[in-house]
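Reviewing the structure listed below.
The values are calculated or read from the model by the stated rules, or taken from the named source; none is laboratory data. Bear in mind the structure is a predicted one, so any value in this text is a computation, not a measurement. Cβ: placed from backbone, ideal geometry, glycine included. Neighbour counts: every protein chain shown. The area values use the complete protein model at the heavy-atom level, side chains included, leaving out ligands, DNA and RNA. Shrake-Rupley method; radii C 1.70, N 1.55, O 1.52, S 1.80 Å.
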Amino acid sequence: MSPRRYAQIVGWGKALPARSMHNREFESLVDTSDEWIRTRTGIVERRVAGEGETTTSLAIAAARQAIAVADIDPRRIDLILVATCTADRLLPGAAPIVQQALGATSSGAVDMNAACAGFMYALVTANGLIASGTHRRILVVGADTLTRWMDWKDRRVSILFGDGAGAVLLEASDLPTGLFASVLRADGSGADLLHVPAGGTACLPTNDTLARGAHYIQMDGPAVFRFAVQIIVDSTREVLDAAHLTVEDVDLFVPHQANRRIIDAAVRTLELPSDRVFINLDRYGNTSAASIPIALTEAIEGGRLHPGDNILMSGFGAGLTWGTALFQWGVPQRVPATMPWQTVVHQGLTERAARALSVARRALAIADRA
Ligand code: UT7
């Protein structure tokens, strides 16, 4: 029997535009207030892409960090999946631009558009490809610049979104950790609840569509709100059941960062302690497909993940689409084959485990080179 392949996250990174926009700036644009935005959404500020900053420039910056953390040669990446609904151009997709910039010359590259749920779709897909044995290293990027499609005068939408990118590098491993259970779902009957009416092939951009603002995001906020709370709760229960775990087993919940009240309502129903929920939407707003990998990166960098921890991730968005997954964290960070075990101990493993890991990594490195 061939060994089961598990997908480990061995690299991570994030990139955000330089310009930060505080809630107060909206007070001069529309009839709103810092107080309203904070209390109804939890958002305080967001990053907005400026001139020269695009979905792919952010994606490339996040991906470079993930590759540096993983300490691998980009030519060894087999596939790049970019989750985005705001590629720089209609054609080509964002992924080949990212592939070229990274010098990932042996890699395939394709976009996945599931709007804000895109990262979850790409992560689950990448996990399946690694588990099947067809791919060894897959870069998964979530990147969006939704502010480019926003009517700044529409207070129901403009206060919510921000721009950014996050990336993880998955690598095949025999260590039995990684993605244990997942749910990917869609309900196209809700397509009009969150959409951009014009600019696609069904409604080409014209002077008229521009004049009507039909190229801007339209959203039924309260309907999306209700849908989001429901699917987080239902899909979390389904995933936990499939993994034979309970809410008590979840060490960290990294939800799509759309609205603090959505997250709070879902977490209350699930009876998940609030100190096990990762929130950064106060600083970035809703960054669409980038929100989960950015949050995950900050959770890792903040020391919130430990070997063996169960991480629950849940994303939802236009489509309607959603995806929830339970990921068991493997090693704390990539340990170069040459790193002595004494150093590894400082990264949180017991001495015995660290010695064994060092030996195993050396053996793998030798086998890899052979
Ligand atoms: O990735 C998925 C993306 N989308 C989402 O996650 C969106 C989910 N929905 C939401 O986050 C919330 O529905 C919003 C934040 C968009 C809106 O909050 P809400 O508590 O659902 O407000 P509402 O739409 O029910 O509106 C309540 C009132 C309305 O005024 P009236 O009709 O009661 O007089 C709105 O016109 O609040 C008004 N309003 C605002 N007032 C001040 C709506 N937006 C604003 C605003 N500032 N920015």
* **Evaluation of V110 against (1) modelled with pLDDT of 95 or more; (2) open to solvent by less than 50 Å² (accessible area, probe 1.4 Å) (one fails), failing number** => (2)
* Spans of strands (runs of 3 or more DSSP E) in the range 1-99 with at least 2 residues open to solvent by 30 Å² or more (accessible area, probe 1.4 Å) -> 6-15, 19-22, 45-48
* Asked: Is it the case that some residue within the range 160-170 is within 16 Å of the ligand (Cβ to nearest atom) and in a loop (DSSP other than H, G, I, E, B)?
  -> yes
* To do: Taking V110 as the residue in question, decide whether it is in a strand (DSSP E or B) and touching a residue at least 24 places away in the same chain (Cβ under 8 Å).
  => yes
* **Residue satisfying condition, being among the polar types (S, T, N, Q) and either in contact with a Ser or Thr (Cβ under 8 Å, 6 or more places away or on another chain) or within 14 Å of the ligand (Cβ to nearest atom) (or both), within set T246, T287, T269** => T287
* Of all residues in the range 36-52, count the ones that are more than 12 Å from the ligand (Cβ to nearest atom) and over 17 Å from R148 (Cβ atoms). => 2
* Asked: Does V183 satisfy the criteria of being surrounded by fewer than 24 Cβ atoms within 10 Å (Cβ to Cβ), in a helix (DSSP H, G or I) and at pLDDT 95 or above?
  -> no
* Has the range 14-35 got at least one residue that is within 16 Å of the ligand (Cβ to nearest atom), of a type in the set (S, T, Y) and in contact with a helix residue (DSSP H, G or I) (Cβ under 9 Å, 6 or more places away or on another chain)? -> yes
* May I ask you to say which residue of A131, A126, A68 is touching a Gly at 6+ places or on another chain (Cβ under 8 Å), outside the structural domain of L326 (by TED's automatic domain parsing), of a type in the set (G, A, S) and in contact (Cβ under 8 Å) with a residue 40 or more places away in the chain? => A68
* **Count of residues meeting criterion [farther than 13 Å from A115 by Cβ, within 16 Å of the ligand (Cβ to nearest atom) and out of contact with any strand residue (DSSP E or B) (no Cβ under 9 Å at 6 or more places or on another chain)] in the range 189-220** => 1
* Return the only residue of S33, S57, S20 being of a type in the set (G, A, S), more than 25 Å from C116 (Cα to Cα) and in the same structural domain as S106 (by TED's automatic domain parsing). => S33
